Amino acid sequence: MPVYQVSQSGPLRGEVIVPGAKNSVLKLMAASLLASGQTEITNVPNILDVDIMAQLLERLGCEVIHDKTNQKLIIAVPEKIGHKADYDLVRQMRASIAVLGPLVARCHEADIALPGGDAIGSRGLDIHLSGLEKLGCEVTNEHGYLIVKAPNGLKAEQISLDFPSVGATENVVMAAVLAKGTTVVDNVAREPEIVDLCEMLNKMGAQISGIGTSTLEITGVSELSPTNHEVVTDRIVAGTWAAAAVITQGDIFIKNAKTQHLELVVSKIEATGAQVKQLAEGLQVTMTGRPQAVDIMTLPYPGFPTDMQPQFIAINAIADGTAMVTENLFEARFRFVNELARLGADVKINGHHCLVRGKESLSGAPVEATDVRAGASLVLAGLVAEGETTVHEIHHIERGYANFVENLQKLGANIERII
């Protein structure tokens, strides 16, 4: 299996361009199933997960053209689509569960293999299924598949989610757009990627109001039409590059970073001692000297994103001082901390808290990426570790970061992809 060989590097300097968001494009691809015809999605990141989702859509009967040069997807959806999502694809990527809502809406039935993906916690589907049941679905679990049927079609209902789950919000909304009547969904997720999905659905003819708030009102329509849509830029990738500037004491211009999506992250970056300039086309992050340790507590948006937690643990590992990182969303997100400890980090876990005592230096070692963000964070730590760090299981990183090695090399990093 390929690995990354990472050696201690100087400050990273230069410009990176933030592509479309992984956590949005996959759901937009699923939403294309709601209308027969040709949907075009632009600003598509060149990542492994897009390829996996494209294969899944093709299994369902769609024709998918991925123009990687122009960062564009063309998805031709037939009048009649399949309703079974097989295990061999679903196990690779949890986001594949996003086809559940569209399939139930279009076909009134869906057979979905129980999903895989990152090993960051249980992330049960109870909230998804509870919402769909209120819309008139019947749910059973047979031989590793979720069997979801709506024999009498979907009908509007008042729904209150137990937790503002991103995935549950997406599935319920994509089902409700074709339900009869007006559905009101309370306690929905408010992430920019949810806003992006709702805006695309409205372009397709859906009637969704309250976008960006905790309550969505969805008036069902009889059918939707294909559309063209540009993916929102990836706030987590932008935040990762900001962390790279801090940890290497570098100076990076992050083009296309949306400051309105990164307010808390920017605040914490500044708390490390970095200078952050908000420019018309993005963010300039400059770090001189060793960063200061910062406490982090993850919460649903607009709170601090769980997907930025590993990057800040990596920063704290070489920072001046001691910090407490609290993870409130995924119980297994600290798995990668054991890998960071292999580089010499002083980290201790107690439940959903991680105490990090900063050290002046780390030392290179073989490590394993356990999820997308953890893998990227181990690379960042390797850039400031003495000697050589070998990062294994890099497919996780390539699921979420386009041209990761090439971008790092352009900034001056000592990193190679070894096959």
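The values are calculated or read from the model by the stated rules, or taken from the named source; none is laboratory data. Keep in mind that what you see is a predicted model, and the values were worked out from it rather than measured. Positions of Cβ are generated from backbone atoms using ideal geometry, with glycine treated the same way; all protein chains shown enter the neighbour counts.
For V139, only one of the following conditions fails: (1) in contact with a Lys or Arg (Cβ under 9 Å, 6 or more places away or on another chain); (2) touching a residue at least 60 places away in the same chain (Cβ under 8 Å); (3) among the hydrophobic types (A, V, I, L, M, F, W, C). What is its number?
(2)
Of everything in the range 149-175, what is in a loop (DSSP other than H, G, I, E, B), in contact (Cβ under 8 Å) with a residue 40 or more places away in the chain and either under 23 Å from S32 (Cα atoms) or more than 23 Å from the chain's Cα centre (by Cα) (or both)? Give them in sequence order.
A150, P151, G153, L154, A156
Would you confirm, using the coordinates I've provided, whether P78 is modelled with pLDDT of 95 or more, over 23 Å from the mean Cα position of the chain (by Cα) and surrounded by fewer than 16 Cβ atoms within 10 Å (Cβ to Cβ)?
Yes.
Residues being part of a helix (DSSP H, G or I) and among the polar types (S, T, N, Q): count how many of those fall in the range 1-41.
3
Of S32, S36, which residue is surrounded by fewer than 24 Cβ atoms within 10 Å (Cβ to Cβ) and over 14 Å from V237 (Cβ atoms)?
S36
Name every residue in the range 201-235 that is more than 22 Å from the chain's Cα centre (by Cα), closer than 21 Å to P300 by Cβ and outside any strand (DSSP E or B), in order of residue number.
Scanning the range 201-235 gives a single hit, G210.
I'd like to check which strands (runs of 3 or more DSSP E) are fully inside the range 236-350 and have at least 1 residues that are touching a residue at least 40 places away in the same chain (Cβ under 8 Å), of a type outside the set (A, V, I, L, M) and buried (at least 19 other Cβ atoms within 10 Å of the Cβ).
The strands (runs of 3 or more DSSP E) meeting that bar are 251-255, 282-286.
Could you please find all residues in the range 391-419 being at negative phi and charged (D, E, K, R)?
Result: E398, R399, E406, K410, E416, R417.
Quick check on S96: is it among the small types (G, A, S), touching a helix residue (DSSP H, G or I) at 6+ places or on another chain (Cβ under 6 Å) and assigned by TED's automatic domain parsing to the domain that holds I394?
no
Determine whether D111 is surrounded by fewer than 23 Cβ atoms within 10 Å (Cβ to Cβ), in contact with a helix residue (DSSP H, G or I) (Cβ under 9 Å, 6 or more places away or on another chain) and part of a strand (DSSP E or B).
yes
Could you give me the residue pairs with C-beta distances under 9 Å whose first residue belongs to the range 121-136 and is within 16 Å of V104 (Cβ to Cβ), whose second residue is at pLDDT below 80 and not hydrophobic (A, V, I, L, M, F, W, C) wherever it lies, and which are 6+ apart or on separate chains?
So the pair list comes out as L125/P115.
May I ask you to verify whether L362 is closer than 22 Å to Q292 by Cβ and either among the charged types (D, E, K, R) or surrounded by 17 or more Cβ atoms within 10 Å (Cβ to Cβ) (or both)?
Details: closer than 22 Å to Q292 by Cβ: yes; either among the charged types (D, E, K, R) or surrounded by 17 or more Cβ atoms within 10 Å (Cβ to Cβ) (or both): yes.
Here the answer is yes, as L362 does meet what is asked.
Select from the range 352-402 the residues that are more than 15 Å from M308 (Cβ to Cβ) and of a type in the set (S, T, Y) and list them in ascending order.
S361, S363, T370, T389, T390
Specify which of the listed residues (L146, L178) is in a strand (DSSP E or B), surrounded by 20 or more Cβ atoms within 10 Å (Cβ to Cβ), in the same structural domain as I97 (by TED's automatic domain parsing) and not basic (K, R).
Result: L146 is the single residue among L146, L178 that is in a strand (DSSP E or B), surrounded by 20 or more Cβ atoms within 10 Å (Cβ to Cβ), in the same structural domain as I97 (by TED's automatic domain parsing) and not basic (K, R).
Scan the range 1-19 residue by residue and report those that are within 22 Å of A369 (Cβ to Cβ) and at pLDDT 95 or above. Give the steps one after another, and end with the answer.
Kept after step one, since they are within 22 Å of A369 (Cβ to Cβ), are these residues of the range 1-19: 1-9, 12, 16, 18-19.
Matches in the range 1-19: P2, V3, Y4, Q5, V6, S7, Q8, S9, L12, V16, V18, P19.
Restricting to the range 104-124, name every residue that is at pLDDT 80 or above and over 23 Å from L48 (Cβ atoms).
Selection gives V104, A105, R106, C107, H108, E109, A110, D111.
Working carefully through the options V367, V379, find the one that is β-branched (V, I, T), part of a strand (DSSP E or B) and within 26 Å of T326 (Cβ to Cβ).
V367
What's the number of the condition L12 fails, among (1) surrounded by 24 or more Cβ atoms within 10 Å (Cβ to Cβ); (2) outside the structural domain of A365 (by TED's automatic domain parsing); (3) in contact with a Ser or Thr (Cβ under 9 Å, 6 or more places away or on another chain)?
(2)
Is it the case, given these coordinates, that V99 is farther than 17 Å from A150 by Cβ and buried (at least 17 other Cβ atoms within 10 Å of the Cβ)?
no
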